[in-house]
Amino acid sequence: MNDAASKDKRRKLVDATMRRFGHSQYALIETLHTVQEAYGFLDDDNLKYVAEELRVPLSKIFGVATFYHFFTLKPQGEHTAVLCTGTACYIRGVPGILSAIKKNFSVDAGETTEDNRLSLLTARCIGSCGLAPAIVLDGEIAGQVTPEIVVDRIGRMIQNDT
């Protein structure tokens, strides 16, 4: 670990998590959660560091990081929209919602707008099938949405900062 990283308070949080679990391989998911919370995303340097410290192959860490929806390998925008693409949501209008978001905010699923204001993510299921179609806007679930409702809510969400 380089000198700057060893003095980084965020790295100390990651180290504390691994230490709490005795640097066991079973600490992997909890450690990745700590990295995500501290840095905002899972960058290559931290993934390599966790692999080394927990003695877990980097390929396994990458597999875990890409399997679970919570983890992201890229910096996120100031705001996030997570659109459920589960069966109930999909048949009730997700393709139209995705199209409206792309048209109005110039962002595709899995990407962040050029101005870093909005990250658009998708999830296989958010567990709100009764509210289909559903979207999570900055951690708040909105259900039975239409393309118009989503565009309006996202527009207000990203404009509230200006």
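Read-outs throughout are calculated quantities, based only on the coordinates presented, and are distinct from any laboratory measurement. Worth saying up front: this structure is predicted, and the values here are computed from it rather than measured. Don't worry about glycine lacking a Cβ; one is built from the backbone with ideal geometry, like all the others, and counts go over all protein chains shown.
Annotation: amide H of residue 121 within the under-5 Å range of 81, 82, 83, 110, sequence separation 5 or more or interchain, hydrogens built in the peptide plane. Applying a DSSP loop filter and a limit of 16 other Cβ atoms within 10 Å to the GluC sites (Glu not before Pro) in segment 3-88 leaves 78. Pairs exceeding 31 Å between alpha-carbon atoms, taken from 74/103; 12/74; 12/60; 9/103; 12/103; 9/102: 9/103; 12/103; 9/102.
Neighbour counts of other C-beta atoms within 10 Å: give me 94, 82 arranged from fewest to most.
Working: 94 23, 82 20.
Result, fewest neighbours first: 82, 94.
Computed about its Cα centre, the charge dipole of the chain is approximately 400 debye, with only Lys, Arg, Asp and Glu carrying charge at their Cβ. A Förster radius of 22 Å, combined with the Cβ-Cβ distance separating residue 114 from residue 160, puts the computed FRET efficiency at roughly 0.70. Kirkwood-type hydrodynamic radius, the chain: 17.2 Å, calculated from all non-identical alpha-carbon pairs. Find which of 26, 70, 98 sits farthest along the positive direction of the dipole of the chain, computed with +1 on the beta-carbon of Lys and Arg, -1 on that of Asp and Glu, about the Cα centre. Positive-end residue among those listed: 26.
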